[in-house]
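The values are calculated or read from the model by the stated rules, or taken from the named source; none is laboratory data. All values reported here derive from a predicted model rather than from experimental measurement. Cβ placement follows ideal geometry from the backbone for every residue including glycine, while neighbour counts extend to all protein chains displayed. Surface areas here come from the heavy atoms of the whole protein model, side chains and all, with no ligands, DNA or RNA. Shrake-Rupley method; radii C 1.70, N 1.55, O 1.52, S 1.80 Å.
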Amino acid sequence: MAGLEGAFLCLGNPLLDVSAVVDQAFLDKYEIKLANQILAEEKHLPMYAELAEMPNVEYIPGGAGQNTTRVCQWMLQVPHACSYMGCIGDDEFGRKMTEVATKEGVNVRYQVDASTPTGTCATCIVSSERSLVANLAAANNFKVDHLLLPENLELLHKSRVVYCTGFFITVSPASIETVAKHCAENDKIYAMNLSAPFIVQVPPFKKVLMDAMPYIDFLFGNEIEAAALAASEGWEGLPLEQVALKLSRLPKANGCRPRVVVFTQGCDPTLVAVGGRVLKYPVMVIAKDKLVDTNGAGDAFVGGFMSQLVCGKDISECVRAGNYAANTIIQRSGCTFPPKPTFIWN
């Protein structure tokens, strides 16, 4: 595990998860759906205060990219193996996130916006399933200038794998372009996540994704996001395996490695398209009574996957670690984990 400091770098939207178990009436009141992720509109803003009043409310450092980074760091157990950039406010929520992530060993390089509060994400849980409503606030104000500071560029230059969430598309396309091109020019791995259906359903956001596609070595998504992308491309009715294959074959800027497309499907096998074929990897099955909530499961899968990727492991080991991490997280509330992983390295 030597030489892993700074191996993984993520850019994303740091949010404090405001998590609570709710009922269907709550979802209907705010017109939100389970198994979905959206950005908060005016009508959603009272939701945060209502959740905060609930007796079972929890506050957990979140944001998809930050979850992935924290899980990857937890898997590697090497201080500062993982670095993370995003924008927070100069407030208690921001300080709490900094404290937790730093204690976990993540090298956080937050941009601090003193004029805007730290972003929050309403995590509404019904029967172990969740609906996420993100109020980006300060997270929306990340600027490429922060990435270009000498001390932060040093992290980019040191990294082996760079990862951006699809959510970050709405915040800083210039940062995505900067890191993607750096990876292509320096034969590093650049990865992205579809993150949510709206990313491919809103034309300006989809354009950023497709502009980045030639630079993407690893593309992640779940079956819902994959179906939304297929629909946006006019591939309705195409089996998920074929969608993954089509995406893996799109042109690449760096011809040194093929694109790998990874689609998770909940409890169904994980699909991996690479080199003209699709591999299927079964997930770890758990008893229904052990499932606490699915929030952060996809983020954890990518975190586990990345922990092996930065070490040069093959795809099967990456998926095995991803499934282990996701399995661990869904047995706990929010994206939290025990002090040490029990994953056995091969």
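Quick notes on this one:
- Residue in segment 22-32 that is within 18 Å of the chain's Cα centre (by Cα) and surrounded by 14 or more Cβ atoms within 10 Å (Cβ to Cβ) present: no
- Screening segment 58-115 for residues that are within 23 Å of Phe301 (Cβ to Cβ) and among the acidic types (Asp, Glu) and picking the one that is modelled with the lowest pLDDT gives Glu58.
- Single residue of segment 36-57 satisfying the filter (over 24 Å from the mean Cα position of the chain (by Cα) and among the hydrophobic types (A, V, I, L, M, F, W, C)) that is surrounded by the fewest Cβ atoms within 10 Å (Cβ to Cβ): Ala49
- Count of residues meeting criterion [under 21 Å from Ala101 (Cβ atoms), open to solvent by less than 10 Å² (accessible area, probe 1.4 Å) and among the β-branched types (Val, Ile, Thr)] in segment 298-346: 3
- Residue selected from segment 216-247 under the condition among the small types (Gly, Ala, Ser) and surrounded by 21 or more Cβ atoms within 10 Å (Cβ to Cβ), by the criterion nearest to the chain's Cα centre (by Cα): Gly221
- Applying the criterion of being in a strand (DSSP E or B) and hydroxyl-bearing (Ser, Thr, Tyr) to the residues of segment 98-124, the residue that is nearest to Glu41 (Cα to Cα) is Thr120.
- Among the residues of segment 295-346, those identified as among the aliphatic types (A, V, I, L, M) and more than 26 Å from Glu129 (Cβ to Cβ) are Leu309, Val310, Ile315, Ile344.
- Selected residue (criterion: surrounded by the most Cβ atoms within 10 Å (Cβ to Cβ)) from residues of segment 271-297 that are touching a helix residue (DSSP H, G or I) at 6+ places or on another chain (Cβ under 6 Å) and assigned to a loop (DSSP other than H, G, I, E, B): Gly296
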